[in-house]
Amino acid sequence: MKARTLCALLAALFATCVAGLASAQVTMKIGTATINDVQHEWAKRFAAQVEKTGAGQLKVEVYPAEQLGSNPRMIEGLTLGTVEGLIGPPEFMVGVDPRYQVMGAPGVVKDMAHAVRLAADRKFRDALFGWGDAKGIHGVGLVMYGPNSYATRKPVRTVADFKGMKIRVFASPMHTLAMQSLGAAGVPMVPSEALQALASGAIDGNRTGLTLFVAFKYYDVVKYATQVDGDAFIFSEFCVSKGWFDKLPAATQKLIVDSADAVEADLATWTIDQNRKAEAAWKEHGAELIRIGGAEQAAFEKRMRAVGEEVVQKNPRIKDAYALMVERAKATQK
């Protein structure tokens with residue numbers, strides 16, 4: 001009798017433990033290299049959406065400013081499953097798959113509203129999200145970060161002013177060749193190293209979003225930022241560790257996808273507004289915002305438009321991906 005009672009108690013305890021494990025909350029760490037910008041805001045909103053709708057099945061922890069490591073280390077973490085989520089420019093994953101670099105193709109996107117429409121295009125998203133699957137990285141979300149700007153030690157007012165400059169870029173041929181077309185040298189560098197390199201004179205400028213320049217207080221180091229139509233736009237892709245994601249219950253997978261979709265529409269309006277505020281903040285801190293126009297802008301755009309085709313010629317593997325981006329950009333242009 002005692003033996004049967006003990007067995008019953010053990011069986012009940014085992015069932016309780018199994019049920020507890022089945023319903024245990026999953027933790028998702030999301031990393032980004034930046035802070036107080038579009039990517040950080042996306043991650044915070046995603047975490048809030050999951051908490052609001054997830055009934056406690058997923059806990060999201062947000063780690064901005066390279067707290068989980070630099071972009072290369074976080075990307076490695078995705079492939080190994082030690083980092084569950086990452087939001088950042090896809091071009092940083094060019095070592096995972098060269099097709100990611102087409103996201104930085106210049107002369108394809110007209111303006112911020114166009115970039116938002118392209119980021120929301122289902123045909124383009126479905127292709128992009130699968131480019132890293134073979135290496136254990138799967139895309140879930142895509143947002144527009146903003147147009148490229150150049151924070152420089154000396155003013156850049158004409159195309160000729162770029163000549164001979166060393167400009168920090170994303171580690172992608174699409175970016176380095178773009179600088180080469182202007183007579184400059186593209187220097188790949190992670191965000192955390194760029195500001196110090198600019199301050200020391202190791203580089204002459206940084207090419208990225210103006211919102212990042214304001215968030216990291218670049219105006220304390222340099223006093224010039226240049227924008228010009230016809231340059232590439234910056235996009236941020238939310239990716240998950242495929243090995244980790246595939247093991248989740250279907251309901252948790254759906255929660256992640258649905259939450260990512262839910263934050264994108266509202267964030268687009270916020271992002272455009274933040275880019276406008278960054279322009280004002282840059283000038284409020286005594287720095288100059290230069291806009292290249294007229295014949296100089298036309299000359300800049302002409303050089304930039306040739307970059308995509310040249311990169312494709314050097315790497316035929318990205319031909320279809322580039323063609324798809326151009327096609328969907330035309331389809332979403334108004």
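Observations, loosely collected:
- Among the residues of the range 212-264, the ones that are open to solvent by 60 Å² or more (accessible area, probe 1.4 Å) and under 18 Å from Gly88 (Cα atoms) come to 2 in all.
- Every pair of residues 6+ apart whose Cβ atoms lie under 9 Å, when the first sits in the range 39-58 and is at negative phi and open to solvent by 60 Å² or more (accessible area, probe 1.4 Å) while the second is of a type in the set (A, V, I, L, M) and part of a helix (DSSP H, G or I): Arg45/Ala262; Arg45/Val263; Arg45/Leu267; Thr53/Leu255; Thr53/Ala262
- Condition check for Val26: open to solvent by 20 Å² or more (accessible area, probe 1.4 Å) and touching a strand residue (DSSP E or B) at 6+ places or on another chain (Cβ under 8 Å): yes
- Residues (farther than 23 Å from Glu279 by Cα and open to solvent by 10 Å² or more (accessible area, probe 1.4 Å)) located in the range 148-183: Ala160, Lys163, Gly164, Lys166, Ala171, Pro173, Thr176, Leu177, Gln180, Ser181, Gly183
- Condition met for Gly308 (open to solvent by less than 50 Å² (accessible area, probe 1.4 Å), closer than 24 Å to Lys154 by Cα and of a type in the set (Gly, Ala, Ser)): no
- Any hit, the range 286-298, residues being open to solvent by 20 Å² or more (accessible area, probe 1.4 Å) and modelled with pLDDT under 95: no
- Condition check for Ala127: within 18 Å of Gly230 (Cβ to Cβ), open to solvent by 10 Å² or more (accessible area, probe 1.4 Å) and either at pLDDT 95 or above or part of a loop (DSSP other than H, G, I, E, B) (or both): no
- Residues in the range 79-114 that are part of a helix (DSSP H, G or I) and of a type in the set (A, V, I, L, M, F, W, C) were compared, and the one that is nearest to Arg125 (Cα to Cα) is Met103.
- Sole exception among (1) outside any loop (DSSP other than H, G, I, E, B); (2) in contact with a strand residue (DSSP E or B) (Cβ under 7 Å, 6 or more places away or on another chain) for Ile203, by number: (1)
- Within the range 197-207, considering residues that are out of contact with any Ser or Thr (no Cβ under 7 Å at 6 or more places or on another chain) and in contact (Cβ under 8 Å) with a residue 24 or more places away in the chain, the one nearest to Gly164 (Cα to Cα): Ile203
- Top-ranked residue of the range 1-50 - restricted to ones that are over 30 Å from Ile87 (Cβ atoms) and of a type in the set (Val, Ile, Thr), ranked as modelled with the lowest pLDDT: Val18
- Any chance Gly243 is among the small types (Gly, Ala, Ser) and farther than 22 Å from Met28 by Cα: no
- The range 220-257 - residue that is among the aliphatic types (A, V, I, L, M) and assigned to a strand (DSSP E or B) and, of those, farthest from Lys302 (Cα to Cα): Val240
- Members of the range 72-110 found to be hydrophobic (A, V, I, L, M, F, W, C) and farther than 12 Å from Ile318 by Cβ, listed by number: Met74, Ile75, Leu78, Leu80, Val83, Leu86, Ile87, Phe92, Met93, Val96, Val108, Val109
- Residue count, the range 184-199 (criterion: open to solvent by 20 Å² or more (accessible area, probe 1.4 Å), modelled with pLDDT of 95 or more and outside any strand (DSSP E or B)): 5
- Residues in the range 59-93 that are β-branched (Val, Ile, Thr) and open to solvent by less than 20 Å² (accessible area, probe 1.4 Å): Ile75, Val83, Ile87.
- Residue check, Ile318 closer than 30 Å to Glu76 by Cα and either part of a helix (DSSP H, G or I) or open to solvent by less than 10 Å² (accessible area, probe 1.4 Å) (or both): yes
The values are calculated or read from the model by the stated rules, or taken from the named source; none is laboratory data. Source: prediction; values computed, not measured. All Cβ positions, even for glycine, are placed from backbone atoms using ideal geometry, and neighbour counts span all protein chains on display. Quick note on the areas: whole protein, heavy atoms, side chains included, nothing else; ligands and nucleic acids left out. Shrake-Rupley method; radii C 1.70, N 1.55, O 1.52, S 1.80 Å.
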